Amino acid sequence: MKRILFFFITTAILSEYVYTQDWKTFPYQPAGSAVSFPKDEGRHSSEPIEWWYNSGQLKGATSGKTYSYMLTYFYYPASSFDGFRILNIADDASGEVYQETRPLNYTTLSTTHLDIQAAVYGRSNEIWKNNVDGNGKLIPFEYTIKASSTAGGLNLNYKSLKRPLLLSNDGYLEQGLTNYTYYYSQTGNAVTGTLTLKGITEEVTGTCWIDRQYGNFNPLSGEKYEWFQLQLSNGMDINLWNIFTAQQTIPANEKYRILAAYVDESTQYTISDFNIERLAYSWMPDSAMCYSAKWRLTSSKNKLDLTITSKHDNSEIKLPFRFFEGATTVSGTVNGQAVTGVGFVELLHSYAHP
């Protein structure tokens, strides 16, 4: 009887281990998914627009200071360029935000895995690619990033700690009135490397969030939206959207109201049953744009009651159009238990009379 009991316990443990590790082997395609890895980390030549986004929070080993950053590569041909790159670096202590948008041409843009090598206008070549082992074999969900701006730069290594979060459960959804997108997030990634800012380079560690979208949903020309990513202290991560109609409404369906949650390695979901209450606003210095700056998120599922607050009120990006992109802090409760967290917001919607 003891041997039989031991067998069942061992089998159960091994089964759980295999399940939690299955995504760490390429190729990987979740059951019923429209997304597969590593192929869909690469370029999709049949899609009109796509982007590779990551944002993170870092701590300096020498200074003890905290930093936040956002780096995004767009494939969206215009004039003689293949697209553009946006790099934001914020010094959380001083509140200074250093932003740069530059056009680029891709010297390498793989369609089989993640290998971005970009000749950024006026900058040295930049990369974001899968790491490889000594035999040249891809290491699943581990990456190297190198990028620089006038103010500084990033030389970072990423290691994903959580399986990808597939929005709408299969990685495909319709957004807004007429658009579609393929969409997944990598919500928990350990970061190591160096950050350079104003001529000072130091070792950093931290966490980042990766977002991948490709399709015809276009932030440059489509409906305005507010997007949030939340990384909570209880291990739960949330990808959150409000998309505004031309009449400035947010219909209660998945095209306009999206909450995708990573709960744990075996549980994730996408719902529209939630509410965002705007608690504060921030006018830009020229008074041309006004963004929301503090929010309360509530949902009956998992009893979410979270307050999200912008870290900086000057994280506006002005090219290729004006929008707000910056780090946040999070506090509140999930299922009645206190949590804290960090995150990022991307705000394209401006308020005339908040």
Per-residue SASA entry for His113, accessible area with 1.4 Å probe, Å² rounded to 10: 40
Carbon + sulfur, % of accessible area of the chain - ligands and nucleic acids excluded, 1.4 Å: 54
Cα-centred dipole magnitude for the stretch 169-288, charges only on beta-carbon of K, R (+1) and D, E (-1), debye, nearest 20: 300
Estimated vicinal HN-Hα couplings, Hz - the stretch 107-115 in sequence order (Karplus 6.51, -1.76, 1.60; Gly, Pro = x): 7, 9, 8, 5, 9, 10, 6, 7, 8
Separation of alpha-carbon centers, the stretch 55-108 and the stretch 197-211, rounded to whole Å: 11
The stretch 100-177: relative contact order as a whole-number percent, Cα under 8 Å and 6+ apart: 17
Solvent-accessible heavy-atom area per residue, rounded to whole Å², over the chain at 1.4 Å: 43
Pairs from Lys137/Lys162; Lys65/Lys224; Lys255/Lys301 whose Cα-Cα separation, in the structure shown, is over 27 Å: Lys65/Lys224
Ellipsoid equivalent to the chain - semi-axes via the Cα gyration tensor, in Å: 30, 26, 22
Relative contact order (percent, whole number), the chain, Cα cutoff 8 Å, 6+ residue spacing: 13
Phi to ³J(HN,Hα) by Karplus 6.51 cos²θ - 1.76 cosθ + 1.60 over the stretch 75-89, Hz, x for Gly, Pro: 9, 6, x, 7, 6, 9, 10, 7, x, 7, 10, 10, 10, 10, 10
Taking the stretch 60-118 and dividing mean pair separation by its residue count, relative contact order in percent (alpha carbons under 8 Å, at least six apart): 25
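The values are calculated or read from the model by the stated rules, or taken from the named source; none is laboratory data. Since we're looking at a predicted model, the values are computed, not measured. With ideal geometry, Cβ positions are generated from the backbone for all residues, glycine too; neighbour counts draw on all protein chains shown. Surface accessibility is based on the protein's heavy atoms, side chains included, excluding ligands, DNA and RNA. Shrake-Rupley method; radii C 1.70, N 1.55, O 1.52, S 1.80 Å.
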